[in-house]
Amino acid sequence: MPVIPTSSYPGPARFQFNGHLQTLIPGMFRRIKGVDYQRERIETADGDFLDLDWLTHGNRRLVILTHGLEGSSAGQYIRGTARHFTRHGWDALAWNCRSCSGEMNRRFRMYHHGDTEDIDAIVQHALQTGRYDALVLVGYSMGGNITMKYLGTKGDQVAPQIKAAVAFSSPCDIAAGADVLDRWDNFIYKKRFMGFLERKIRLKNKQFPGHLDISKLRKVRRWHDFDEWFSAPICGFQSAAEFHRQASAKNFLEGIRIPVLLVNAANDPILTPECFPFDIAEKHPWFHFELAPGGGHCGFRARGDRDSSWSERRALEFCEQHGNTD
């Protein structure tokens with residue numbers, strides 16, 4: 001059974017004694033050196049663009065990295081993973097979701113947790129270079145959800161070069177994730193995410209006057225309100241309920257046909273038990289689930305870590321195990 005009974009996560013440094021500290025400290029204080037991306041912009045089929053950041057060394061294996069909500073290729077967890085893989089014989093491609101590369105995208109729609117069209121465009125672009133015999137996908141938080149949904153919807157039609165995937169801290173049940181962000185103890189995360197998104201909504205309103213009722217921003221109390229009034233219409237859904245249903249990777253995991261590992265932390269402050277799909281992993285030959293005892297949300301810094309983090313090593317371990325070119 002692909003439920004991993006015991007996580008190899010050894011535990012955090014002593015001063016990171018709860019999930020909040022294990023989440024916040026790596027993001028605030030970790031600095032990744034030695035990552036010199038080469039940026040490429042590609043055009044999408046609908047007339048928009050995506051910015052890709054490459055680390056290439058002529059290797060025949062490529063890791064494609066997908067960031068979390070309001071993140072980018074500059075995030076410490078993305079840069080750290082890119083560096084760790086390239087040090088072990090892989091090239092890396094860290095792509096930025098629409099509006100996340102430092103420039104607002106052209107089209108009305110932005111990005112969302114279930115957006116599989118853009119990651120497919122990235123995969124196809126990487127394959128069309130002709131440089132790679134094997135690809136693996138690694139995603140964090142929202143990026144992990146996108147990765148898993150993509151592979152679940154592709155099923156048997158997934159490109160044969162894609163050998164494996166790993167997701168960390170992924171809210172694979174979007175409705176449950178929205179509800180937990182409304183808790184008082186998660187105020188700091190909600191304020192941060194909402195602040196970034198509100199600024200983008202105002203910019204999008206200037207691009208497309210009259211498409212949104214911008215006055216409703218003042219009425220947002222719950223995350224569900226934001227999804228109902230802004231996320232759903234921007235992303236082409238009729239309601240927040242439809243958006244949550246269609247975006248949640250949990251509803252598509254059954255279709256996965258390559259080795260996939262989901263690692264979530266038991267003390268993740270913004271994930272709920274609905275995001276711990278033990279029941280699916282117990283019956284699924286390809287989907288592996290590992291519940292780490294700690295690590296927070298996209299943290300996973302372990303005691304004794306210096307250059308790399310445990311999540312980076314765990315991702316490489318799983319991908320090396322399944323990412324051969326045979």
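Report the residue count in region 60-93 for those that are touching a residue at least 40 places away in the same chain (Cβ under 8 Å) and polar (S, T, N, Q).
Total satisfying the criteria: 3.
Scan region 292-306 for residues that are out of contact with any helix residue (DSSP H, G or I) (no Cβ under 8 Å at 6 or more places or on another chain) and of a type outside the set (Gly, Ala, Ser) and report the count.
Qualifying residue count, region 292-306: 4.
Within region 174-181, can one find any residue that is under 26 Å from Asp46 (Cβ atoms), more than 15 Å from the chain's Cα centre (by Cα) and either not assigned by TED's automatic domain parsing to the domain that holds Arg60 or not in a strand (DSSP E or B) (or both)?
Quick first cut of region 174-181, residues under 26 Å from Asp46 (Cβ atoms) only: 174.
Then drop every residue that is not more than 15 Å from the chain's Cα centre (by Cα), which leaves none.
Taking every residue of region 174-181 in turn, none turns out to be under 26 Å from Asp46 (Cβ atoms), more than 15 Å from the chain's Cα centre (by Cα) and either not assigned by TED's automatic domain parsing to the domain that holds Arg60 or not in a strand (DSSP E or B) (or both).
Can you report the number of residues in region 173-187 which are in contact (Cβ under 8 Å) with a residue 24 or more places away in the chain and out of contact with any Ser or Thr (no Cβ under 6 Å at 6 or more places or on another chain)?
Residues that pass the stated criteria total 8.
Taking into account only those residues within region 66-104 that are buried (at least 24 other Cβ atoms within 10 Å of the Cβ) and among the polar types (S, T, N, Q), which is nearest to Asp305 (Cα to Cα)?
The qualifying residue nearest to Asp305 (Cα to Cα) is Thr81.
Looking at Phe208, Phe226, Phe276 in this structure, which one is of a type in the set (Phe, Trp, Tyr) and in contact with a helix residue (DSSP H, G or I) (Cβ under 8 Å, 6 or more places away or on another chain)?
Answer to the selection: Phe226.
Return the residues of region 1-16 that are exposed (fewer than 13 other Cβ atoms within 10 Å of the Cβ) and of a type in the set (Val, Ile, Thr); say none if nothing qualifies.
If the condition is that a residue be exposed (fewer than 13 other Cβ atoms within 10 Å of the Cβ) and of a type in the set (Val, Ile, Thr), then Thr6 is the only one that fits.
May I ask you to list the residues in region 255-273 that are out of contact with any Leu (no Cβ under 9 Å at 6 or more places or on another chain), surrounded by fewer than 23 Cβ atoms within 10 Å (Cβ to Cβ) and in a loop (DSSP other than H, G, I, E, B)?
Pro259, Asn267, Pro269, Thr272
Among residues belonging to region 197-254 that are among the polar types (S, T, N, Q) and assigned to a loop (DSSP other than H, G, I, E, B), point out the one that is nearest to Gly68 (Cα to Cα). First the steps, then the outcome.
Kept after step one, since they are among the polar types (S, T, N, Q), are these residues of region 197-254: 205, 207, 215, 231, 238-239, 246, 248, 251.
Keeping just the survivors that are assigned to a loop (DSSP other than H, G, I, E, B) gives 238-239, 248.
Working: Gln238: 24, Ser239: 22, Ser248: 14 Å.
Here the residue is Ser248.
Tell me, which residue of region 182-233 that is within 22 Å of His297 (Cα to Cα) and aliphatic (A, V, I, L, M) is surrounded by the fewest Cβ atoms within 10 Å (Cβ to Cβ)?
Taking the candidates together, the pick is Ile188.
Can you list the strands (runs of 3 or more DSSP E) found entirely within region 26-66 that contain at least 3 residues being modelled with pLDDT of 95 or more and not assigned by TED's automatic domain parsing to the domain that holds Trp95?
So the answer is none; nothing clears 3.
Inside region 235-248, can you point out the residues that are in contact with a Phe, Trp or Tyr (Cβ under 7 Å, 6 or more places away or on another chain), among the hydrophobic types (A, V, I, L, M, F, W, C) and surrounded by fewer than 23 Cβ atoms within 10 Å (Cβ to Cβ)?
Cys235, Phe237
The values are calculated or read from the model by the stated rules, or taken from the named source; none is laboratory data. All of these numbers come straight from a predicted model, not from anything done at the bench. Note: ideal-geometry Cβ built from the backbone for every residue, glycine included; neighbour counts use all protein chains shown.
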